[in-house]
Structure formats: structure tokens, C-alpha cells
1. Could you report the buried accessible area between A and B, both sides summed, computed with a 1.4 Å probe and given in Å² to the nearest 100?
2. D for segment A:92-378, whole µm²/s, Stokes-Einstein with Kirkwood Rh over alpha-carbon pairs at 25 °C and 0.890 mPa s: what number?
3. Calculate the spin-label point distance for B:Asp50 paired with B:Lys87, positioning each point 7 Å from the Cα along the beta-carbon direction, and give it in nanometres.
4. Can you give the translational diffusion coefficient of segment A:120-279 in µm²/s, computed by Stokes-Einstein from the Kirkwood radius over Cα pairs at 25 °C and 0.890 mPa s?
5. Let me confirm one metric for peptide B:4-17, namely the mean number of other chain beta-carbon atoms within 10 Å of its residues' beta-carbons.
6. Which residues, if any, in segment A:99-120 have at least 20 Å² less accessible area in the whole protein complex than in the isolated chain, probe 1.4 Å?
7. What figure in square angstrom, to the nearest 10, would you give for the accessible area of A:Cys106 with a 1.4 Å probe?
8. Take the residue pairs A:Lys134/A:Lys250; B:Lys15/B:Lys285; B:Lys175/B:Lys253; B:Lys53/B:Lys86 and return only those whose Cα atoms are more than 25 Å apart.
Amino acid sequence: MRMDNVASSQTRNQAGSQAQSQTDSQASSETRNLASSKTQNQTSSLASIQTRNQTSSLASSETRNQASSKTQNRASSKTQNRANSLTTIHDNDITTSHKDRSIEICGVRWKNPITTAAGTFAIRESGKYYDYTKLGSITTKGVAPQAWEGNPTPRIAETPSGMLNAVGLENPGVDAYIKNDLPILENQDVVVIANVAGHSEDEYIDVVKKLRGTRVDMLEINISCPNVSCGGIAFGTDAETAARLTAKIKKVADKPVIIKLSPNVTDIVSMAQAVEAAGADCISMINTLLGMRLNLKTGLPILANATGGLSGPAILPVAIRMIYQVSRAVDIPIIGMGGVSTGADAYEMLLAGAQAVAVGTAALSDPVAPIRILEELEGYL
Amino acid sequence: MEQSPIKKYRVLADKTLIHGDEIVYLLKIDAKDIADSARPGQFVNVYMDDSSKLLPRPISIADAEDGVLTLVIGIRGKGTAYLHTKKSGDYVRIMGPLGTGFLDAGDVSHELVDSVSSVNLDSPIASVDVTNLSVRADLRDASHTEHLDPATKHILIGGGIGVPPMRLLAKTLAKSGVKPDDICVVLGYRDEPFYENGFYEITDLVYETSDRDNRNVVDALNDEKLTSGIIYACGPTPMLKAVKSYAQLHEMKLLISLEERMGCGYGACVGCTVKTTAGKKKVCKDGPVFDASEVVL
Ligand SMILES: Cc1cc2nc3c(=O)[nH]c(=O)nc-3n(C[C@H](O)[C@H](O)[C@H](O)COP(=O)(O)OP(=O)(O)OC[C@H]3O[C@@H](n4cnc5c(N)ncnc54)[C@H](O)[C@@H]3O)c2cc1C
Ligand SMILES: Cc1cc2nc3c(=O)[nH]c(=O)nc-3n(C[C@H](O)[C@H](O)[C@H](O)COP(=O)(O)O)c2cc1C
Ligand code: FES
């Protein structure tokens, strides 16, 4: 009881007003949603969807699809194709020793369905431990128009089967990225995805423009970082804002645009549909879930930023659920991520409806995890 | 199959050093590749065997000789308590050595290493690291003590769990020809001393202080008038701050080893940064050892 009080009052002081108001508004909107759905449905918000559709929430998208037969055909043929291609590859397995695991996403051919998750892969540091050109693609850390300082430390806290991070998108800026990082990749045979960050529409557009004509093959727009006070997740939690940003980026981008979704929303499906309608070529999901841990001795948050993003095996089921729902409601491909630490997890994510899978936190507990997971996944394909 | 740089190593000996309010223990580990390339101030990542504890525990290299790696660990939480259950014959999962040590911060060998890794990066590496790392280690080994000025006094300060890494440093300095009288060791403990004996084999100039006697390492520096030479320090931040003021007052060069919570320990996650005069740097890769004049404590 005493600890609670200490914790909450001190958190407020520590967190800084912006971070705090974000947390506050998040918490209160969540409470509101929970509360209202409870009153309406006498149950949780997930169950509320179930009640409405007389069936599961997954079925809810199917129900919706039935309303428009076009959508239904689209969805089912997509699932069918995926099933076919999985079987085809499986057949090849038996007859050929050199297996082709390649996939095509938005017209870009990947050698296989595995990529790195943004912020957990560094060309030099990770490249010391394995040959990343063996991966389907590499996704580099978020870059903004200028260098960002990020948050103060501690930025990392361990959680049961997971971790919190509040790096706050420290990055050297897009010019430094183009000058120092891209040249290393110039003559390497690997698909490069640049992860783009910004505080405002103009900042995102700035980065996207600067990446025109560069070595980068695809753009992943991070509208879902929970660790920066303005921008980032602000774009990822409101469908209209996300759609407007997507449309603007599409106008200036010269490569496929992947929109990275936040799980910190009430209705992930409507977010996905909004960015699809606005022209997104692909969706990646999920970014981290907002969380917090306290130091038992001081009662204060462990992270200097108070809150941080939860990643690692703990979030796998959340990612699987969201990918399952979204893949049945949109036509564009999905790059899945969130807690994948084995080939079996990656396969489960493909079965849930992702076309490709990114490995993040697993690479922090073992530098070669992306390659290991690729090799394990091959056993399933 | 690409080899993981995390390998299983056998525990050769385990010993509890102090067992009071504070529990500190020692593990001797059969880890030839790590021991052979370890430099003072570097650390290893120790991994848990249970995947509910995902992150590596960074632990300094206390000693490395004849293929045996020594770690001295204080119990702070779940991970360090778990490692205390490891007995002779058990295995631990370790990656290392990692980071930039006391004798290679900012010197020529450091730049050499950078140029080596960038050469390798231009042509993607097929079966990577082991060779790459050993090139780096060789390069550094050949030159990392050459720049030492034989006339300089070396003052080594360890506070609490910052004592152990000073051991390999003292030993390396002695081996590279620094005279015993030019190596001076100041140890600060909260209560009981631990891991202090080895220092007396290297030099007679060992000063132990303890909070229980109301005497700390800066008191010892003042009492012994240790006002010239280079200082190396590892310990809690308040101690580092006090030593930094002392070094500034006497215009001495000070190298400090920093502690920070880590996500990866190898430079990938940017979780462990410290503010320096040249922008933010990574404790796990650019450090843990930094020139004190460069960092904001
Ligand atoms: C470069 C470096 C060298 C170190 N050398 C030694 C050494 O030689 N001997 C020794 O006993 N300790 C050393 N430490 C501190 C040691 O890493 C922590 O005490 C240990 O990680 C705590 O883990 P835990 O599971 O017991 O604590 P928990 O609190 O259960 O750990 C939870 C998480 O927080 C991290 N964490 C908690 N406290 C610290 C801390 N003080 N520093 C870094 N991470 C922390 C853990 O690694 C883990 O990820 C060193 C730290 C660094 C950064
Ligand atoms: C340390 C760290 C840094 C991250 N940085 C970024 C980033 O810069 N941009 C981004 O879009 N996502 C970032 N993420 C989120 C990951 O890309 C990924 O979406 C998330 O961690 C879930 O996957 P995982 O459980 O496999 O890590 C980061 C995650 C971690 C752990
Ligand atoms: S701990 Fe990941 S960069 Fe240092």
C-alpha cells in the first residue's frame, strides 16, 4: 500500500510531463474502453466482439467478409495461395537438395522469409557474428531526419521471458546512415529495409525523400514506437492520422512502403485497414507493448523513461493473435514479428498469416538467432 | 550452420569468498579461447539456462591465465543468485571477451581494430566470428601494453565488486615490465575484504579500506599522497565521482570502468549508452572503460 503511493507519485515526477501524460491518457483510454465494453457486454472488450458476432473475434472478420462477397473471395484465395505455396515448397523438399525458400514481397524478392527486427540489428556489430546476406532481408535501426539523443539510461529492464526497452530511437540521423552505413551494403547481395522515424509528418517525409535513389530496397515506417514523447506512437494509435501519413509517404516514396503497426490499440484490424486503404504496400507487426517495472528497493521505475516497450517470447501470443486477425482483413502482405525465438515460432507466425518473419529480441540473447531460426524454420517448410 | 559465439564452458572450481550481508563468490572456468584473448577491463556475457531470464549478465574478467577464466560475482538478484548454484563440473554459457579494456582505450591498437573490422565488412564474411575476433585480439595483444611509459606510476582503485577486474590489470602491468613499486593498489570494501590476496603477490603497495572503519579509497589516496601517475578505477558511481574530483585536482589521467544495464552486450541494441564529450557512446562496445574526462558521470 505504502509502496504503491511512493511508486505512483515518484513515477510522475520522474517520467517528465510528456511521457507521463502519454501514459496517463493511454491508461485512461484503456480503462474507458474496458469499462464501456464491460457495461455493454457484461464482459471484456474481446468478448464484446464475440457477443456481437455470436462467435470468436476471428470469425468476426469472416462475418464482416460475408457481407461483401468480394472481400470474402479475396481473403480466402489469399489463404489458399499461401497454403498452396507452402505445400509446393514442401514437395520440392523431397525432390531437390537445393531448396528455394524465396518469397516475393511487394515485388521485391527475398531469399527466404526471415528478416531482422528494427533496432535489434546493427550492420557492423551483428555482422561480426554471422553472414547476414543469408537472410531474406535486413531491417536497420530507425533513422530520423537529424540525430536523436534518445532517452537517458537505464533503458533496459528484464521481464519474465521478455524485456522492456526505452532506447527512445537514439540514432545518428538519415544523412549519417546514408554516408556511413549504406556504403557497407553497397555490393552485398541482400534486401535492405530502412526503418524510418519522425516526430511529425514533415520529418517522416524528409527521411523518405532522402532515401530516394539509395541502396535501400524497402521502407518500414515506424508509427508505433512507444518510447518517444511526440510522433512515433501518436501516429500509430489513431487510424485517421496513420492513414494520412501513409498517403503522404506513398506520394514521395520510390520504393515499397511497409507500415509498422502498434499493438497498443483497441482495434488492430481497423488500423491495418486504414493504412491499406491509404496505399500501404505492406504491414509489419507488432511493435512493442507498453510496460513498466519497478525497483523494489526504491519503489521507482527501473527505466529512466518510466515506461518502455515489452518484447521477447512473452509477447508471441499477442503477435500471433493480431497477425491472425489482420491477415484475414487485409490484402497486403504482412511481415510478422514479436517474440519469435525458434523456427517453430516463426512457422507459427507464417501459419497465422504472415508472409515473412522478423527476429528481434532473440538476437540480443544470441547474436546468431536470425540465422539459427532460419535454419530451424527450413525444417518446417 | 553458423556457430553461436555463446559457448558452454565447464566450471573448474567454485568458492564463496564472503558470506555476510553481502555474498560474493568466485568461479574458475575452463575457457581457453576467452582466457587467451582477454585483456584487463574487458567483460564476458554470462547467460542464464532458463529462457525466462533472457538477458546476459555482464561480468568483468577478474583473471585469465593458462586457459582458465576467473569471475568474481556478487549476488544482486535472480541471475547472480542462480550462478551461485553452479558447482565444479557444471557448465555455464558465456560469450566474450567483450568491450574495450583499460590498456586499449583510445590508443593506436584500438584504431587498428576498427580498420580490420571495416575491411572484413566490405566483403561479407562467410563463416564469421572466431577468426575475425582472434585477428582483433592478436593485433591488440601485440601492441596493447607497448604504449606504457615505464616511468609512470599506475594507481589501481577497486571499490566493492569493482575490485576483481583490477587483478588482471595489475598482473598484466607487472608482466609487461612495470616495476612492482610503480603499481599501487587501493581497495575499497563495504565490510569484509574479498579477493585481495592476489594483489600482494604483485606489489607491496596495497591499501585496503572499508566503510566499517569509516575510511574510503579517496582517504587512502590522500593519506598516501598518491598524486602522480595514471589512475584506473572501477566501482560504484559515487566512488568514481570522488576519484574523478581527486584526479582533476591533481591533474592525473583517470580511466574508469562503467556499469550499465545491457540488452545485448555486443553493440546491437543501443541500450547501454553513456554521455560523453563526443556524443553518446555504448558502454558495452566503446567501453566499459572510458577516459573520465570524456564522460558525464
Ligand atoms: C561491464 C560490467 C561488468 C560487471 N562486472 C561485474 C563483476 O565482475 N562482478 C559482479 O558481481 N557484477 C558485475 N557487474 C554487475 C552485474 O552485471 C549485475 O550485478 C548483474 O547483472 C545483476 O544480475 P541479477 O540477475 O543478479 O540481478 P537482477 O536485478 O535480477 O537483474 C535483472 C536485469 O538487470 C540487469 N542488471 C541488474 N543490475 C545490474 C547492474 N548493476 N549492472 C548491469 N546490469 C544489471 C541484469 O543483467 C538483468 O538483465 C558488471 C556490470 C557491468 C555492466
Ligand atoms: C532494443 C530495441 C530497439 C528497438 N528499436 C526499434 C526501432 O528503432 N524501430 C522500430 O520500428 N522498432 C524497434 N523495436 C521493436 C522491434 O523491431 C520489434 O517490433 C519488437 O521488439 C517485437 O519483436 P521481438 O519480440 O522479436 O523483439 C525495437 C525493439 C528493441 C527490443
Ligand atoms: S547492451 Fe546492447 S548496445 Fe550495449
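1. Values: alone 17240 and 14500 Å², together 28170 Å².
Approximately 3600 Å² gets buried when A meets B.
2. Details: Rh = 18.7 Å.
Estimated via Stokes-Einstein, D reaches 131 µm²/s.
3. Result for the modelled spin labels: 1.8 nm.
4. Values: Rh = 16.3 Å.
Value of D from the Cα-based Kirkwood radius: 150 µm²/s.
5. Other-chain Cβ atoms within 10 Å of each residue's Cβ, averaged: 1.
6. Hits at the 20 Å² cut-off: A:Gly119.
7. It works out to around 40 Å².
8. Going by Cα-Cα distance, A:Lys134/A:Lys250; B:Lys15/B:Lys285 fall outside the 25 Å limit.
The values are calculated or read from the model by the stated rules, or taken from the named source; none is laboratory data. Please read all numbers here as calculations on a predicted model, not as lab measurements. Glycine also receives a Cβ, built like all others from the backbone with ideal geometry; neighbour counts cover every protein chain displayed. Accessible surface is based on the protein model in full, side chains and every heavy atom, while ligands, DNA and RNA are left aside. Shrake-Rupley method; radii C 1.70, N 1.55, O 1.52, S 1.80 Å.
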